[in-house]
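**Q** So that we are looking at the same thing, I have put the structure below in structure tokens.
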Amino acid sequence: MYINLLFKEKQTLMINIAIDGPSGAGKSYLARQVATRLGYIYVDTGALYRAIGLHMLDRGIDPSDREKVVAELENVTVSFVHKDGEQHVLLNSADVNSLIRTPEVSMAASAVSAVPQVRAFLLGLQKDIAAKENIVMDGRDIGTVILPDAQVKIFLIASDEARAKRRFLELTEKGTVTTLEEVQADMARRDRNDSTRDVAPAVPAHDAVILDNSDLDREGTVLAALRIIEEKLK
Ligand code: DC
């Protein structure tokens, strides 16, 4: 009983901030900034699904072929390390950070993320780090499934137009050749996949604060989130 109490005490000492929402709302920028300003660790969970999507593409497996994806999981190990405040995802021990941000991998990640066994496969990894560190974790199901007891849950949204424009700029800055229409169509498809799937759909937790940043710039969004966090941690 005493040990149980101690264990509980240790767990509740960690501050967990969950930031969920659709793609392109600016979750990762926000989460990274909040983590830096609070001195917490930033955990980008989308990168884990991206790594699995990449693996399937590399092996010539259709990421929406659930049976093949599940069978291939036994050949996959995913982990991450944090170096100089930056998260590095390791796929079978190789750092794949620079390979997981392409539109192909985005679609593959969305497809594999709808497979319950893939979600189960990544569950422990996410829960473990949250139990050990003060973290800001971004994803789709952090407040609902991964960290239902997080002290702060923010669900970040923005209009479809604002999100597509931001993602388009981000991709073209990186040299990816695409069009705004293509980005908008991809995003709509991913939104549909992510929010209507049977398992862990991207929906706000009942106790999440909805933050709409359609009319806020990046700094305005960070300040709004910090105000929510301060209020919740009071
Ligand atoms: O956040 P992102 O765009 O890097 O995520 C890539 C895909 O992974 C996205 O389409 C949905 C999925 N995902 C998820 O299902 N659950 C998470 N916690 C994070 C991402």
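**Q** Counting only residues that are within 11 Å of the chain's Cα centre (by Cα) and not charged (D, E, K, R), which one in segment 12-25 is surrounded by the fewest Cβ atoms within 10 Å (Cβ to Cβ)?
**A** Pro22
**Q** Looking at Leu211, Leu223, Leu216, can you tell me which residue is more than 26 Å from Glu104 (Cα to Cα), open to solvent by 60 Å² or more (accessible area, probe 1.4 Å), not in a helix (DSSP H, G or I) and not acidic (Asp, Glu)?
**A** Unique residue meeting the criteria: Leu216.
**Q** Still on this structure: Does at least one position in segment 174-188 carry a residue that is surrounded by fewer than 22 Cβ atoms within 10 Å (Cβ to Cβ), within 11 Å of the ligand (Cβ to nearest atom) and under 24 Å from Ser64 (Cα atoms)?
**A** yes
**Q** Also: Considering each residue of segment 191-202, count those that are open to solvent by 60 Å² or more (accessible area, probe 1.4 Å) and β-branched (Val, Ile, Thr), and give that number.
**A** Looking only at that region, the number is 1.
**Q** All but one of (1) under 19 Å from Gly124 (Cβ atoms); (2) open to solvent by less than 20 Å² (accessible area, probe 1.4 Å) hold for Leu30, so report the exception by its number.
**A** Just one mismatch for Leu30, condition (1).
**Q** OK, next. Do we find a residue being on the phi > 0 side of the Ramachandran plot and open to solvent by less than 70 Å² (accessible area, probe 1.4 Å) anywhere in segment 66-76?
**A** No, segment 66-76 contains no residue that is on the phi > 0 side of the Ramachandran plot and open to solvent by less than 70 Å² (accessible area, probe 1.4 Å).
**Q** Looking at the structure I just gave you, is Arg50 within 15 Å of the ligand (Cβ to nearest atom), at pLDDT 95 or above, open to solvent by 50 Å² or more (accessible area, probe 1.4 Å) and among the basic types (Lys, Arg)?
**A** No: the conditions fail for Arg50.
The values are calculated or read from the model by the stated rules, or taken from the named source; none is laboratory data. Predicted, not measured: the structure shown is a model, and the values here were computed from it. Heads up, the Cβs are rebuilt from the backbone with ideal geometry, glycines too, and the neighbour counts pull from every protein chain shown. Ligands, DNA and RNA are excluded from the accessible area calculation, which covers all protein heavy atoms including side chains. Shrake-Rupley method; radii C 1.70, N 1.55, O 1.52, S 1.80 Å.
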